[in-house]
1. Taking residue 142, is it in contact (Cβ under 8 Å) with a residue 24 or more places away in the chain, charged (D, E, K, R), within 14 Å of residue 207 (Cα to Cα) and touching a helix residue (DSSP H, G or I) at 6+ places or on another chain (Cβ under 7 Å)?
2. Only one residue in 154, 110, 150 is surrounded by 23 or more Cβ atoms within 10 Å (Cβ to Cβ), hydroxyl-bearing (Ser, Thr, Tyr), modelled with pLDDT of 95 or more and closer than 19 Å to residue 38 by Cβ. Which one?
3. Going by the conditions given, is residue 140 out of contact with any Cys (no Cβ under 7 Å at 6 or more places or on another chain), among the acidic types (Asp, Glu) and within 24 Å of residue 193 (Cβ to Cβ)?
4. Identify, by number, the condition in (1) modelled with pLDDT of 95 or more; (2) of a type in the set (Gly, Ala, Ser); (3) more than 22 Å from residue 146 (Cβ to Cβ) that residue 56 doesn't meet.
5. Evaluate the following for residue 201: is it outside any loop (DSSP other than H, G, I, E, B), touching a Cys at 6+ places or on another chain (Cβ under 7 Å) and either modelled with pLDDT of 95 or more or of a type in the set (Gly, Ala, Ser) (or both)?
6. State the number of residues belonging to the range 46-74 that are under 15 Å from residue 113 (Cβ atoms) and assigned to a loop (DSSP other than H, G, I, E, B).
7. Considering only the range 159-212, state which residues are within 20 Å of residue 64 (Cα to Cα), in contact (Cβ under 8 Å) with a residue 24 or more places away in the chain and surrounded by fewer than 14 Cβ atoms within 10 Å (Cβ to Cβ).
Amino acid sequence: MSSGAAGSLGSRTLPLSSSRKGRGSLEKLTAEIRACRVCADLPLGPRPVLRASVTARLLIIGQAPGTKVHASGIPWNDPSGERLRQWLGMERDTFYDESRIAIVPMGLCYPGRLANGGDAPPRAECAPLWHAKLLALMPEIRLTLLVGGYALAYALGRGAMTEQVRAYRECLPRHFPLPHPSWRTVAWEKRNPWFGDEVLPALRREVARALR
């Protein structure tokens, strides 16, 4: 293929040289992120976990890695990830297809535990430092899943999680709000049957549309 040929990137067609330049810039940025030591005081040490691609059409923004994800370096490689994939109706191979799906949590490293035993919040330094830079190099993102209260608050502003999820139509086509798929939301899902009846079918439709 000649240097003047076009490479197709999702819904747009960009010169192949621009595609290669963008890919190189993103690879450089992700290498910088993985070497980040801004939060050197983390209990298990820094280990940023993310997946990004210039061709990705779906972006998943969650909370922060847990201990299992920190150990494996694979995002959503835990029971919460299994439940998220069930919500999406998505096979594991599709979920981890980095050319189509980017995964960038609010906090890229495991933040530790609170004194009461719960997970510590994502480090406040992380998203402002890296998210905008990453998004600028992923021009094909069509839909962003906001998974959990921290991602919802960052993108949509503070509010009741249940009401933000119930109002998902108001966030489309750019965002789709979701609760965090941890065991803590099992009871919430039972109390809110509209989530399974209405929101999950809409979620699967919007994800399928974004990935076309």
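1. So residue 142 fits the description; yes.
2. None of the others qualify; the one that does is 110.
3. no
4. (3)
5. When the stated conditions are applied, residue 201 does not pass them.
6. 4
7. 183
The values are calculated or read from the model by the stated rules, or taken from the named source; none is laboratory data. Because the structure is a prediction, the values reported are computed rather than measured. When we count neighbours, we look across all protein chains shown, and the Cβ atoms used for this are built from the backbone with ideal geometry, even at glycine.
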